[in-house]
1. Ile220: surrounded by 13 or more Cβ atoms within 10 Å (Cβ to Cβ), among the aliphatic types (A, V, I, L, M), without any contact (Cβ under 8 Å) to a residue 24 or more places away in the chain and part of a helix (DSSP H, G or I), yes or no?
2. Looking at (1) over 20 Å from Lys11 (Cα atoms); (2) out of contact with any Ser or Thr (no Cβ under 7 Å at 6 or more places or on another chain); (3) at pLDDT 90 or above; (4) buried (at least 18 other Cβ atoms within 10 Å of the Cβ), find the lone condition where Glu92 falls short.
3. Please tell me if Leu244 is modelled with pLDDT under 95 and more than 26 Å from Leu16 (Cβ to Cβ).
4. Could you go through region 151-166 and let me know if any residue there is assigned to a loop (DSSP other than H, G, I, E, B), of a type in the set (A, V, I, L, M, F, W, C), touching a Ser or Thr at 6+ places or on another chain (Cβ under 9 Å) and in contact (Cβ under 8 Å) with a residue 24 or more places away in the chain.
5. Could you go through region 42-54 and let me know if any residue there is in a helix (DSSP H, G or I), within 28 Å of Gly245 (Cβ to Cβ) and not β-branched (Val, Ile, Thr).
6. Consider region 76-85. How many of its residues are surrounded by 15 or more Cβ atoms within 10 Å (Cβ to Cβ) and either of a type in the set (S, T, N, Q) or within 13 Å of Glu102 (Cα to Cα) (or both)?
7. If you check Ile259 against the conditions, is it assigned to a loop (DSSP other than H, G, I, E, B) and of a type in the set (Val, Ile, Thr)?
Amino acid sequence: MGNGPRDYTDKTLKRLFGLSGNLCAFPGCSKRLVNQNNAKDSNICHIEAANPSGERYNMNMSDVQRADYDNLILLCVQHHDETNDTKKYTVEHLKLMKKNHESYYLNERIKKNPSMLKNTIAALSRIDLTKYPETPGLRIIDPNEKIEFNQLKKTASLIREYRVYHTKLNALYSELENQGSIVKENLLRAIKLIYDTVKSEFVLGSEDPLRAVQENSDAIFDNVYSSLYKKLEDSEFWEEDIVLGLHIVMIDAFIRCKILEEPAS
């Protein structure tokens with residue numbers, strides 16, 4: 001699409017437009033935007049500016065980071081201009097705006113498509129996530145206890161919001177088990193191994209591995225999500241609703257202690 005900080009990959013655009021529902025992320029705005037195949041630069045906005053003269057420019061970012069999903073938000077032209085007020089619209093404010101919008105869109109899609117979670121589980125079970133060993137079953141604990149223990153910040157609100165779907169997801173797993181499926185066990189083991197692999201990158205060489213996890217817990221959670229997302233994205237099963245359901249599967253795995261560390265009992 002462009003050069004340098006505007007050299008968006010097709011996968012970045014697919015993720016950005018898919019998770020936003022092609023809608024402006026500004027609170028209360030319902031303007032539908034073009035899709036990723038006809039995207040306009042006026043709708044793809046950099047949270048931290050593309051150029052030194054832009055708003056919230058971060059000289060320590062690379063152009064690849066500037067053009068990546070994490071630094072992009074979809075806004076209509078009117079609200080793109082409004083967010084140029086850097087005192088009011090800080091980096092943290094815009095990232096929260098984007099997260100809240102994506103959460104709202106996910107909840108709306110679940111209402112319209114009750115099969116979303118079942119389809120997500122089915123898709124994940126049909127791709128080669130990874131080879132996984134047998135792991136001991138871990139207890140389900142209070143998410144707030146685990147959030148505090150792992151010192152989650154950015155991800156904490158997401159977990160508290162989506163935990164309401166844990167019961168529904170558990171019912172779907174039970175339904176599959178009654179049909180003779182071992183999808184839940186296989187999927188959760190695979191997620192646990194992906195977490196262990198991601199964690200090792202952050203604790204390698206650390207004299208206090210738990211402390212290293214606590215200091216990087218949000219980044220670790222994001223990296224596990226990105227690993228799962230990429231496997232879906234590279235498969236034949238990528239669909240907007242399935243990718244939307246992925247965060248709920250992740251929250252459920254967190255509650256089941258397959259992602260991040262378990263407080264001592």
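1. Details: surrounded by 13 or more Cβ atoms within 10 Å (Cβ to Cβ): yes; among the aliphatic types (A, V, I, L, M): yes; without any contact (Cβ under 8 Å) to a residue 24 or more places away in the chain: no; part of a helix (DSSP H, G or I): yes.
It is false that Ile220 is surrounded by 13 or more Cβ atoms within 10 Å (Cβ to Cβ), among the aliphatic types (A, V, I, L, M), without any contact (Cβ under 8 Å) to a residue 24 or more places away in the chain and part of a helix (DSSP H, G or I).
2. Checking Glu92 against (1) over 20 Å from Lys11 (Cα atoms); (2) out of contact with any Ser or Thr (no Cβ under 7 Å at 6 or more places or on another chain); (3) at pLDDT 90 or above; (4) buried (at least 18 other Cβ atoms within 10 Å of the Cβ), the one that fails is (4).
3. On the way: modelled with pLDDT under 95: yes; more than 26 Å from Leu16 (Cβ to Cβ): no.
No, not satisfied.
4. yes
5. To start, the set of residues in region 42-54 that are in a helix (DSSP H, G or I) comprises none.
No: region 42-54 contains no residue that is in a helix (DSSP H, G or I), within 28 Å of Gly245 (Cβ to Cβ) and not β-branched (Val, Ile, Thr).
6. Initially, region 76-85 is screened for residues surrounded by 15 or more Cβ atoms within 10 Å (Cβ to Cβ), giving 76, 79-80, 83.
Pick out the ones that are also either of a type in the set (S, T, N, Q) or within 13 Å of Glu102 (Cα to Cα) (or both) and you get 83.
Residues flagged as surrounded by 15 or more Cβ atoms within 10 Å (Cβ to Cβ) and either of a type in the set (S, T, N, Q) or within 13 Å of Glu102 (Cα to Cα) (or both) within region 76-85 amount to 1.
7. On the way: assigned to a loop (DSSP other than H, G, I, E, B): yes; of a type in the set (Val, Ile, Thr): yes.
Yes: the conditions hold for Ile259.
The values are calculated or read from the model by the stated rules, or taken from the named source; none is laboratory data. Here the structure is a predicted model, which means the values were calculated and not measured. A quick note on method: Cβ atoms are made from the backbone with ideal geometry, for glycine too, and the neighbour counts reach across all protein chains shown.
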